[in-house]
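What follows is a set of notes on a single structure, which appears directly below.
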Amino acid sequence: MAQYVRNNAWNNGGTFDNKDLYWYARGVEAMMARPIADSASWWFYAAIHGEYANPNTPWYPRPAAFPGWSFIQGTPQVPTTPLPDSATMDLYWNQCQHGSWYFFPWHRGYLMSLETQLRADIVAAGGPDTWALPYWNYFGGQGGSQSQMPPAFAAETLPEGTPNALFVTMRYGPDGDGNIYVPCPPKYPTGPINAKAMKNDLFTGSDAVTRPPGFGGPQTTFAHNGSPHGNFESNPHDLVHGYVGGQPGPSDAIYGIMGDPGTAALDPIFYLHHCNIDRMWEAWNDQGNSNPTVSSWTNGPSRQFAMPTASGKPWNYTPGDVSTLANLDYSYESLGIEDAPQAPKTQPALTLAKRLETLGASPEASNASLEAAASTAPRKTELLGASPTALKLSKTPIEITVALDASTRKAAEVSLLKASVSALPDKAYLRLENVSGIYDATILGISVSTPESGGSYLVGHVALFGLRRATVSDGQHGGEGLSFILDITPFIDELHLNNALNADAVKVAIVPDKPLPDGTEVTIGRVSIYREAF
Ligand SMILES: [Cu+2]
C-alpha cells in the first residue's frame, strides 16, 4: 500500500474546503518566501524546469523583455537576484525533457521532489504529514464540470484573508479573459483537447494504430527542447499549457506564464496539470501498455537527472527508477479519465478492426490476428509531397497546396483498395517541419482538403509550447525549431471511399487560434505529407 494518495483537486468543490488545496497554498507560500538561490525555493524549482532568470542562458530574451522573469507582471513577484553559483545552475536548471521519451519519467521525478519539499513545509506550518499533491483532471466531473480550473486557484486570498500563493495574474485562458478552463470533451465536444492518445499501444515509434513518434515520445538523448513531441505530450499536455496560459489581447506580445516551459513552473497550477499527466501515464500502463525496456531508456541519458534534496546532495534518478508506481510511495485516488473510476482499455484490435471495416475489408479476422496486426511496425515511410518554400504566419490564416507525387499516391491508393488484416492499408501523416518563432502561446488549427473536394477535414490543433527554446541554438541543438506530426489517415480513407484519392495535390490550411501580436510571426520551414506502408 502506497504511503501517500494523490487526490482529485476538485474534491470539496475545488475550493479551500479541500484541505489538499489549502495546504498546497501554504506550502507554496513557504517556498515562495525563500530567495531564488535557495534550492528549496519555489523559484529554484521553477528554474529546474526552465528559466529566464539567468541572463547568460541562450534562452534569455535579447533585448531583455518578457518572458524574462523580472518582466513578469503582478503575482507572483519573482526574485531574480542573487542567482545561485553557476555550477549549481548547470547541475539543476533547465532540465525539463520535452520531445523525448524521457518526458514522462523526468517529470515524475520532478513532481516527487517538489512534493517532498512541499510536504516538509506543510508539516512545519502545522499541516498533515500525509499531504500529497492533488491532480487536476480536466476530463472529469459530471458533464465535464472539472474542465474548469479549481476555484482555489482564482481566489486572491486564503480564508484567513492573507494573500493566496496559488493566485497568478498572468493566466489568461482560452478566451483571453482570465476565465481558466480546458476546452475538452465532454463539456466541449468539439474542443481541440482530447485524450485520444490514450488509445495508442506503443510508447515510442509507430504501428498500425499508433502514430509516430508514439505515446511517450521519440527516442532521444537528454532533450531539453526536443521534437517532435510525443502524442500524449502534444495533446493534451501542450495544449493545456497553451490554453491555460493564453494571450491577453492581439496588441501585446506577452502571454500567460503557463504557455512557455521557461515560465510555466512558476504557476502553481502547473504541478496539478503535470500530476494529471503523470496519473494518465499510470492509467495507460494500467491498461496493459508497456514502457520501454531498453537500457537507453531505463538508464536515462548520459547527463543524469538531478533534483535537490534537504541534505544538499542531488537525487539522481533514472527512468527505470520511476517507471512504475508499484515501486514508489504514492498512488492515485482514481485512474479514471472522464467521469469513470478507470480508464477504458486501449483495445488496439478494435481500433484496427473499425478501420478495416470502414475500408470494406472482409470482417472475418480473428481477434488474435487483429491484435498481432495492430502492433505491426511500418515497413517504410515515403514522402508523398512537400511545400516548396518556407511559410510565414502572422495575423491571418494561410493556405498552401502540397503537390503529391503520382506514383507514391498510386501506391497508397492500391494499399487502401487491397486492405485486409494480412495486407494493412497505408497510414498518412502531415508534418509541419522546423517551426520557429518566439511566441509560445500560439495555437494552430490544421485542416486539409483537396482542390476538388468541397469540405475540409480538421486534422487537429497544435500548441507551440517550447517554440522559443527550440528556435534558439543552445550549443547542443542548432535551433531547428519544433516539428509536428498529425494523422491524416481518416482523411485519406474518406477520399478513397469517395473515389477521390486521385488528387494531384492537397490543400493545407493553418489557422492561428488568435491573431499573432506584431513582431511574433512564426516560420514554418516545410509542410510535408507522407505515407507509412506496412
Ligand atoms: Cu508541462
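The values are calculated or read from the model by the stated rules, or taken from the named source; none is laboratory data. From a predicted model like this one, the values you see are computed outputs, not experimental measurements. Backbone-built Cβ (ideal geometry, glycine too); neighbour counts: all protein chains shown. Keep in mind that these areas ignore ligands, DNA and RNA; they rest on the heavy atoms of the full protein, side chains included. Shrake-Rupley method; radii C 1.70, N 1.55, O 1.52, S 1.80 Å.
In segment 331-360, the residues that are outside any strand (DSSP E or B) reach residues that are of a type in the set (F, W, Y) with C-beta atoms within less than 8 angstrom, at least six apart or across chains, in these pairs: I337/F139; E338/F139; A343/W284; T346/W284. On inspection, D440 passes the criterion of being assigned by TED's automatic domain parsing to the domain that holds K395, open to solvent by less than 10 Å² (accessible area, probe 1.4 Å) and under 18 Å from the mean Cα position of the chain (by Cα).
Matching residues to (1) in a loop (DSSP other than H, G, I, E, B); (2) surrounded by fewer than 23 Cβ atoms within 10 Å (Cβ to Cβ); (3) in contact with a Ser or Thr (Cβ under 9 Å, 6 or more places away or on another chain):
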residue: W106; (1), (2), (3): no, no, yes
residue: G126; (1), (2), (3): yes, yes, no
residue: Y138; (1), (2), (3): yes, no, yes
residue: A155; (1), (2), (3): yes, yes, yes
residue: V168; (1), (2), (3): yes, no, yes
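The set of residues in segment 278-323 that are within 16 Å of the ligand (Cβ to nearest atom) and either in a helix (DSSP H, G or I) or touching a Lys or Arg at 6+ places or on another chain (Cβ under 6 Å) (or both) comprises D278, R279, M280, W281.
State which residue is farthest from the chain's Cα centre (by Cα) when the search covers only segment 217-233 and only residues that are of a type in the set (G, A, S) and within 14 Å of R469 (Cβ to Cβ). Even if it seems obvious, please write down each step before you answer.
So in segment 217-233, the residues of a type in the set (G, A, S) come out as 217, 223, 226-227, 230.
Right, trim to within 14 Å of R469 (Cβ to Cβ) and you get 223, 226-227.
On the way: A223: 14, G226: 12, S227: 12 Å.
Selected residue: A223.
Of all residues in segment 271-286, none that is more than 26 Å from A25 (Cα to Cα) has its Cβ atom under 8 Å from the Cβ atom of a residue that is open to solvent by 10 Å² or more (accessible area, probe 1.4 Å) and within 14 Å of the ligand (Cβ to nearest atom), 6 or more apart or on another chain. Taking the criterion of being open to solvent by 10 Å² or more (accessible area, probe 1.4 Å) and within 12 Å of the ligand (Cβ to nearest atom), the only residue of segment 232-277 that qualifies is S234. Among the residues of segment 420-431, at least one is open to solvent by 30 Å² or more (accessible area, probe 1.4 Å), under 32 Å from the mean Cα position of the chain (by Cα) and at pLDDT 95 or above. Out of curiosity, is H273 of a type outside the set (G, A, S), farther than 26 Å from H477 by Cα and in the same structural domain as G74 (by TED's automatic domain parsing)? The answer is yes for H273.
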